[in-house]
Amino acid sequence: MQTFASIFRGAIHQKHILGLGFAFALVLLVTWAHRVVIMLIYYDNIRYGSHYRSKDGYNAGAEYLREFWPAIALGMKSDVLFAAAVALVLTFFGRIGLYAGLTGLAFFYAANSEHIRYNESNIDLSQAGLALDPTFIAGQSTQSLFVIAILFLGIFLLTLWFARRPIVRAGIAIFVGVVGIVVALIPAEIRYDQPIWMQSHPMTPQLGFVEVPTDDRDFVSTPLTSPPAPIQPVAGQFNVLMVYLEGLSETSLSISDMSHVQQLADNNIHFRQYFGHQVLTANGLYSTHTARLPYFTSVPMRWYELDASSPEVETALPRLLKDIGYQTAFIQSAPLGFMRKDEKLPFLGYDLVVGGDQFTSAHQRNGWGVDDLTLMEETLAQIDRFDPDRPWFTSILTTGTHSPYNVPAEFLPNAGRDRYRASRYADDAVAALMQGLTERDLLKNTVVVITSDESREYSSDLPLETEVRRSWLPLVIVHPNGTRTSIDGPVAMMDVRDLVLAATGDLTRAKIDAITNQRDIFMFGNARLRQFFYYEAPSKQLFACDTSQFICTLYADVSDLRDLSDARELQLNRFPELEKMIRDREGENIYCETDLAVCEGSGAID
């Protein structure tokens, strides 16, 4: 039997296509092609927000390279190390191993490119289970995915074709090897004010960490450890309809010309600084239903931990309303199996749970289910089936504004980007829903809440502001009493439960302020981007953290989370108490309100 050393010597000295140097060149060429594609995709996303960049003589391409070159350089270094490791492995598996490995890599890079297009983050390998869900596969198997995969495969095959002669193979291996070594030697440190995905490879550890000072200040953990007691709902006074518009931000209302929703916001109760806590639909549903915070680091979602014995289900929004006689229903466009909603929603108190795969007809379907207008029509049909002598609470979740966007071809065919068309279609669907409620004379006794589960909109030319605004969501309440007011202060997603409970009665500005003004600490983040934000409203300080090492940049003079143009960067520090507060709570996986002794022992309470 050959020893590892003899196999390694054989691999180094073989003179055919499977030579280590040429394998490295192949992997690095495909990997750098992926780097070019994702940078072009991000540039295209930035140009979509170009109306925020209105300076005279602004050169988007030059500014893009100037702003992001440090991040690009560090990402390229990561690519070189990845290519070297993969080439070393593939070399030992012969021609078939090399071809199979590069083919798989091409499809992974294509999927990651599409993930960056819509989420502006690398694929999180810890969430691979979601990617294997049949609904996700059907929804994301797009034409552009296969086009990009073919591009990467083409680069690989074209390089093989050019390298038919040994001298050409050697030349390619030497040239790419030298370039790779030069890039690997370029000094580059991580930049916490630039996208982390741009500075890394999706399958390797992060490089370029820097040493920073430590700040041992304490942090208030109340939002984590002490969820509020629910407000007592008013039995039988008003129905409630909650509309979750998938992936839309408050910014979407303006940049996508969502005039119908905007008009509802202007003429009713509009929360202008409403912030979600975390990306992913399940996190949004969790916080709005339970008034609790999700996890903020790359750990399993609290949504998946829900069962009949979970303490938060007893005070979940639909359960509280069901207990006083409400009929409860959850209706969504997508099949229910994705994110296990068919299993989790009944725990929260929903008697009826319906997915788009149960609808017999639709204006249009794709892998994510039925279009938004069909969902609104089915919702109205379900409302007609409720017992008219009992109040009802219904939540609906669209998917038309989730990529790939589900819009009939005849709707605004020349309007440009599919996301714009999808947002406009969702806006028209909301108008149709409101018209249906008006025709049924239901607005006199029905509260309508229009919001979103998460956001992914590019909305500013300031990197920090863009990252914060990813959590800026729409929240509009249309109340039968006709209240018209604008709430300008910050409001958290975990406030929604109590706002809806209060809305079952005569919702006034005083009741709204009593709910929203009690919160001084706001926590939100993006697990995909390893971001966590901790905002102290009284001191106007914002901590913007990278959760891989909990290194945070502290900003002062943040009086409005929507506008950070006047924010002052004070310091870059490691904040061990903030990290401990978050990781203890998520690592221990406990509820402090039910096991105080364990919480005190774990350090989850100050």
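Among the residues of region 364-423 satisfying the criterion of being touching a His at 6+ places or on another chain (Cβ under 8 Å) and outside any loop (DSSP other than H, G, I, E, B), which is farthest from T504 (Cα to Cα)? Give the steps one after another, and end with the answer.
Going residue by residue through region 364-423, those that are touching a His at 6+ places or on another chain (Cβ under 8 Å) are 368, 370-371, 373-374, 408.
Still in the list and also outside any loop (DSSP other than H, G, I, E, B): 370, 373-374.
Working: V370: 30, L373: 27, T374: 27 Å.
Going through the qualifying residues, I end up with V370.
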Spans of strands (runs of 3 or more DSSP E) in region 486-553 with at least 1 residues in contact with a Pro (Cβ under 8 Å, 6 or more places away or on another chain): 521-526, 531-536
Filter result for the condition that a residue is surrounded by fewer than 16 Cβ atoms within 10 Å (Cβ to Cβ), more than 16 Å from Y42 (Cβ to Cβ) and under 33 Å from the mean Cα position of the chain (by Cα), over A85, A106: A85
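From the list A308, A334, A329, exactly one residue is farther than 27 Å from D520 by Cβ and under 18 Å from the mean Cα position of the chain (by Cα). Which is it?
The match here is A334.
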Matching residues in region 284-302 - criterion: being within 15 Å of the chain's Cα centre (by Cα), within 16 Å of F532 (Cβ to Cβ) and modelled with pLDDT under 95: P294, Y295, F296, T297, S298, V299, M301
Residue match in region 21-33 (condition: of a type outside the set (V, I, T), at pLDDT 90 or above and either open to solvent by 60 Å² or more (accessible area, probe 1.4 Å) or under 26 Å from the mean Cα position of the chain (by Cα) (or both)): yes
Test: residue in region 209-229 that is closer than 19 Å to A83 by Cα, without any contact (Cβ under 8 Å) to a residue 12 or more places away in the chain and not basic (K, R): no
Of all residues in region 249-270 being touching a residue at least 60 places away in the same chain (Cβ under 8 Å) and among the acidic types (D, E), the one that is most open to solvent (accessible area, probe 1.4 Å): D257
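Quick one: how many residues across region 429-461 are of a type in the set (S, T, N, Q) and within 15 Å of E250 (Cβ to Cβ)? Give the steps one after another, and end with the answer.
Taking region 429-461 first, the residues of a type in the set (S, T, N, Q) are 435, 438, 445-446, 451-452, 455, 459-460.
Narrowing the set further to residues that are within 15 Å of E250 (Cβ to Cβ) leaves 451-452, 455, 459-460.
Number of matching residues: 5.
Considering only helices (runs of 4 or more DSSP H) fully contained in region 275-356, which possess at least 1 residues that are touching a Pro at 6+ places or on another chain (Cβ under 7 Å), aromatic (F, W, Y) and crowded, with 24+ Cβ neighbours inside 10 Å?
Filter on region 275-356 gives 281-290.
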Tally of residues being β-branched (V, I, T) and within 18 Å of the chain's Cα centre (by Cα) across region 242-265: 1
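A quick yes/no check of all residues on (1) modelled with pLDDT of 95 or more; (2) on the phi > 0 side of the Ramachandran plot; (3) in contact with a helix residue (DSSP H, G or I) (Cβ under 7 Å, 6 or more places away or on another chain):
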{"site": "V370", "(1), (2), (3)": "yes, no, yes"}
{"site": "T379", "(1), (2), (3)": "yes, no, yes"}
{"site": "Q382", "(1), (2), (3)": "yes, no, no"}
{"site": "P391", "(1), (2), (3)": "yes, no, no"}
{"site": "T398", "(1), (2), (3)": "yes, no, yes"}
{"site": "T401", "(1), (2), (3)": "no, no, yes"}
{"site": "Y405", "(1), (2), (3)": "no, no, yes"}
{"site": "A409", "(1), (2), (3)": "no, no, no"}
Residues of region 230-248 that turn out to be closer than 24 Å to N517 by Cβ and open to solvent by 30 Å² or more (accessible area, probe 1.4 Å), as a count: 4
Scope region 562-606; condition within 28 Å of F209 (Cα to Cα), open to solvent by 60 Å² or more (accessible area, probe 1.4 Å) and modelled with pLDDT under 50; matching residues: E588
Of all residues in region 472-513 being touching an Asp or Glu at 6+ places or on another chain (Cβ under 8 Å) and open to solvent by 10 Å² or more (accessible area, probe 1.4 Å), the one that is farthest from F532 (Cα to Cα): N481
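Give me the residue from region 425-438 that is of a type outside the set (A, V, I, L, M) and over 24 Å from the mean Cα position of the chain (by Cα) and, out of that set, least open to solvent (accessible area, probe 1.4 Å).
Step one: of region 425-438, the residues of a type outside the set (A, V, I, L, M) are 425, 427-428, 435-436, 438.
With over 24 Å from the mean Cα position of the chain (by Cα) added as a condition, the list becomes 428, 435-436, 438.
Working: D428: 58, Q435: 93, G436: 4, T438: 75 Å².
Per the stated criteria, the residue is G436.
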A527 touching a residue at least 12 places away in the same chain (Cβ under 8 Å), closer than 23 Å to Q278 by Cα and not polar (S, T, N, Q): yes
Residues of region 379-424 satisfying the condition of being without any contact (Cβ under 8 Å) to a residue 24 or more places away in the chain, surrounded by fewer than 16 Cβ atoms within 10 Å (Cβ to Cβ) and basic (K, R): R385
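The values are calculated or read from the model by the stated rules, or taken from the named source; none is laboratory data. On a predicted model such as this, the values are computed, not experimentally measured, just so you know. Neighbour counts are summed over all protein chains in view; Cβ atoms, including those assigned to glycine, are modelled from backbone coordinates with ideal geometry. Accessible surface areas use protein heavy atoms only, side chains included; no ligands, DNA or RNA. Shrake-Rupley method; radii C 1.70, N 1.55, O 1.52, S 1.80 Å.
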